[in-house]
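Written below as structure tokens is the structure these notes are about.
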Amino acid sequence: MSTRLILPPLKRMTSTTASRSCKTVAVLGGGIAGLASAFRLAQEGHAVTLIESSPQLGGLGTFFQHDGRTFEKFYHCMLPTDGPLLKLIDDIGLTSEIYWKPTSFGYWHEGETLPLNTAVDLLKFTPLNFIDRLRVGFTGLWGRKCQSTGLDDITAVDWLTKLSGKNAFQTFWLPLLQAKFGDRYHDVPALWFWTRFNREKGDSKGECKGYLRGGYKRIIDTLAAKLRAKGVLIQTDTAIESIDLNDAGRALIIVGGKQQTFDELVVTLPWPAVQHLAGERLRAAAVRPLPEIDYQGVTNLVLFLKRPLTPHYWVATPQPQFPFDGVIETSTLTNESDRGTGRHVVYLTKYMHRTDPRFREDEKTLTQSWWASLKTLFPGLSDEHLESSFTFRAPFVEPLYTRGYLNQRPPEVLVPGKVFLCSAAQVYPNVTSWNGSVAQCEKTLAARAGVIVK
């Protein structure tokens, strides 16, 4: 299944056609989906207002300062297959600033980190017996070769158990599912796993990831500058109180207790926010009832270290004795010019629901606990190696998918001709990522133009 979506070519507007077809459009949400949507709409000549509730643009790509440099609060990378994102980066003139490096994956088991990147690595993977190793290998191979038809209607549990066997599922696949979805893993469709097989391991030459000089903030800042140059009004630190239609059926938002009307709205907020903000007239005019879709959140502890941990970009730690499920050493990907000489940047991550007590754990307690646990993983690590640490949380990261999600997925057109949706809740079965969000932007704007993209 390709993630590359192609919109019809933009037509050059004369002053006459521009005045006739130009519309006032409010883009709600300043993450990458909102920035990309505003950029494309401005290219078409519309009068665009971009509204973001937080002080920063970027959504999950927002950043923080440390030692005179900026770093992402939540780790990001690019893959060579990220066509829509790479196309957007090219359109804003930053392609030459991307650099690529080979990366690898490790799996912690009984005191050692096992590489898990090649067929030979799998044959040596001691947590599984030899037959189970072969079955897991077959599962990965079949997942990259089989068609996706029907996989949305069966669970990943059933599909993986059938292919790999009960023991391999319990030992290998189940901890990975639980790491992403916690106790909500039971009904996740097999299609979710199939997509990941085909994104992460689609190149026989091995894993390769990309980053951009100056970090993701540079993408955000460049897009913002180009939007302003095109006349887009950007409002940050502006909370939206309601999304609705007025008495005349015109698209309406309420900000600071005051109504603002537009010809169209493009809503890029997390779906739970859309459910909360949608007014009665919008609900009544919607093409179908708004579905109930919950989200998984995430907690990240960002560590600045004076020594490296492993050669791997990602080390899975799904065992229950650890408070985090992964160790992501982004300094295996980024250049020293982007992070500082001799500095190693590590993200410890845990996906959890926003109602989980651990999501609200005191930052000092969390840091002490996670740091102590990391030192048990890497016995050579000591307090003198820790330069600094920061904790970040996001309540709405990944929709909690259930069987038949393709039929539950919200439509691109909420109210025909007036309200359009570009949300992470629609990205499935593609991977929830910046690339997935840009691809969804293209799909939403195509639907807005009356073009159906499958």
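Quote to one decimal, in nm, the extra length available between residue 141 and residue 288 on full extension: 0.36 nm per residue of separation minus the C-alpha distance between them. Could the numbers behind the result be given before it?
On the way: separation 147, 0.36 × 147 = 52.92 nm, distance 3.89 nm.
Difference between extended and current length: 49.0 nm.
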Residue 375 to residue 121: extension gain in nm, 0.36 nm per residue of separation minus the Cα-Cα distance? 88.9 nm
From the residues 231, 195, 155, which one has its Cα farthest along the dipole of the stretch 135-238 in the positive direction, the dipole being from +1 and -1 charges on Cβ of Lys/Arg and Asp/Glu about the Cα centre? 231
Can you give the three extents of the C-alpha atoms in the chain along their principal axes, from longest to shortest, in whole Å? 68, 51, 42
Rounded to the nearest Å, what's the spacing between the alpha carbon centres of the stretch 105-120 and the stretch 197-270? Just the number, please. 38 Å
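Taking Cα pairs under 8 Å and at least six residues apart, what relative contact order does the stretch 118-200 come out at, in percent? Provide the component values of the computation, followed by the final result.
Values: 76 pairs, mean separation 30.7, N = 83.
Reported as a whole number, the value is 37 percent.
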The stretch 244-301: spread of alpha-carbon positions along the three principal axes, whole Å, largest first, is 47, 28, 17
List the relative contact order of the stretch 406-454 as a percent without decimals, with contacts defined as Cα pairs under 8 Å and 6+ residues apart. 33 percent
Taking the Cβ of residue 428 as the centre, find all other residues whose Cβ is under 11 Å away and add up their charges (Lys, Arg: +1; Asp, Glu: -1). -1
Of 418/443; 166/209; 145/350, which pairs sit farther than 27 Å apart, going by alpha carbon to alpha carbon? 166/209; 145/350
Going fewest to most other Cβ atoms within 10 Å around each Cβ, 282, 290 line up as 290, 282
Per the 1/(1 + (r/R0)^6) rule, R0 = 25 Å and r from the Cβ atoms of residue 235 and residue 69, FRET efficiency to 0.05 is 0.35
Using the Karplus curve 6.51 cos²θ - 1.76 cosθ + 1.60 with θ = phi - 60°, what ³J(HN,Hα) values do you get for each residue of the stretch 115-120, in whole Hz, with x for Gly and Pro? x, 9, 10, 10, 4, 5
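Among 328, 98, rank each residue by its count of other Cβ atoms within 10 Å, from fewest to most, as a rough exposure measure.
Details: 328 22, 98 14.
The order, fewest Cβ neighbours first, is 98, 328.
Relative contact order for the chain using alpha-carbon pairs under 8 Å, separation at least 6, rounded to a whole percent?
22 percent
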If the cut-off is 15 Å between C-alpha atoms, which aspartates and glutamates fall inside it for residue 226, apart from same-chain ones fewer than 8 positions away? 44, 90, 91
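We did not get these values from a lab; they are worked out from the coordinates using the rules stated. From a predicted model like this one, the values you see are computed outputs, not experimental measurements. All Cβ positions, glycine included, derive from the backbone under ideal geometry; neighbour counts span all protein chains shown.
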